[in-house]
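In what follows, a single structure is set out as structure tokens and then discussed.
The values are calculated or read from the model by the stated rules, or taken from the named source; none is laboratory data. All values derive from a computational prediction rather than experimental measurement. Cβ atoms come from the backbone with ideal geometry, glycine included; neighbour counts cover every protein chain shown.
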Amino acid sequence: MPKKIGIFGGTFDPPHLGHLIVAQEVRDKLKLDRIFFIPASLPPHKKKVRISEAFHRLRMVQLATQDNPNFKVLDLELKREGHSYTVDTLKALRKRYPQAQFFLILGLDNLNHIHTWKKPEEIFKLSKVVFITRPGTTLNKTSKWLNYSRLLDVKEIDISSTDIRERIKKDKPIKYLVPEKVLQYIQRHNLYK
């Protein structure tokens, strides 16, 4: 049973090489046993963004991660009704893995609004929160959450799911932005057109 587990949530619409590189870097730097990729069902902070159907996003994350034995995909947020709240996911994981130490992996941009999340204090009690740098994001040095978290510099890969979706709509190539199996899945299911 893994003892140190990274929790990497997101809409993964679609998952891209930046996600995989960040996950591997965090795993290596923090010496984690495993990274759990957890696709979100209905992220409460993305109300105006239309996301693809859950089964497509789940399958793409499975395809993107299947060659790495240290990556595991969990569908617990997709099985839950309603919004995907991080605190609820961490509680469910704590029940499933009572001996594990959790490391919640978040982009640095989340530091600026984590106070608006459901029960942020509890999130910091249930896991060690690791904020990773992202291209173009500035550090909010006044955030009280900075004292209870860790900053981690990782390779800055400027790839975004939003940009990938836009490229597909404009018939631009995405070949070197997503894993080959994800590209094939997107093409086979005519996603993001």
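Okay, here's what the table says:
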quantity	calculated
Output for region 65-84, where each listed residue is in a loop (DSSP other than H, G, I, E, B) and at pLDDT 95 or above	Gln66, Asp67, Asn68, Pro69, Asn70, Leu74, Asp75
Some residue of region 75-82 being under 21 Å from Arg167 (Cα atoms) and of a type outside the set (Gly, Ala, Ser)	no
Close pairs (7 angstrom Cβ cut-off, 6 or more residues apart or separate chains): more than 16 Å from Asp67 (Cα to Cα) in region 170-193, hydroxyl-bearing (Ser, Thr, Tyr) anywhere	Ile186/Tyr192; Leu191/Ser52
Which numbered condition Asp158 misses (of (1) touching a Gly at 6+ places or on another chain (Cβ under 8 Å); (2) under 16 Å from Ile7 (Cβ atoms))	(2)
Criterion: within 23 Å of Phe131 (Cβ to Cβ) and either at pLDDT 95 or above or not β-branched (Val, Ile, Thr) (or both) - qualifying residue of Ala54, Ala40	Ala40
Scope region 65-78; condition touching a residue at least 12 places away in the same chain (Cβ under 8 Å) and over 13 Å from the mean Cα position of the chain (by Cα); matching residues	Gln66, Asn68, Asn70, Leu76, Leu78
Test: residue in region 89-107 that is at pLDDT below 95, touching a Lys or Arg at 6+ places or on another chain (Cβ under 8 Å) and either surrounded by 16 or more Cβ atoms within 10 Å (Cβ to Cβ) or in a loop (DSSP other than H, G, I, E, B) (or both)	no
Residue in region 138-161 that is within 16 Å of the chain's Cα centre (by Cα), outside any loop (DSSP other than H, G, I, E, B), modelled with pLDDT of 95 or more and at negative phi present	yes
Which listed residue, of Ile114, Ile51, Ile105, is hydrophobic (A, V, I, L, M, F, W, C), in contact (Cβ under 8 Å) with a residue 24 or more places away in the chain, touching an Asp or Glu at 6+ places or on another chain (Cβ under 6 Å) and within 24 Å of His16 (Cβ to Cβ)	Ile51
Number of the exception - Val129 against (1) of a type in the set (A, V, I, L, M, F, W, C); (2) assigned to a helix (DSSP H, G or I); (3) in contact with a Lys or Arg (Cβ under 9 Å, 6 or more places away or on another chain)	(2)
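Let's see how each residue does on (1) assigned to a loop (DSSP other than H, G, I, E, B); (2) touching a Phe, Trp or Tyr at 6+ places or on another chain (Cβ under 9 Å); (3) β-branched (Val, Ile, Thr):
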{"residue": "Lys118", "(1), (2), (3)": "yes, yes, no"}
{"residue": "Phe124", "(1), (2), (3)": "no, yes, no"}
{"residue": "Pro173", "(1), (2), (3)": "yes, no, no"}
{"residue": "Gln184", "(1), (2), (3)": "no, no, no"}
{"residue": "Leu191", "(1), (2), (3)": "yes, yes, no"}
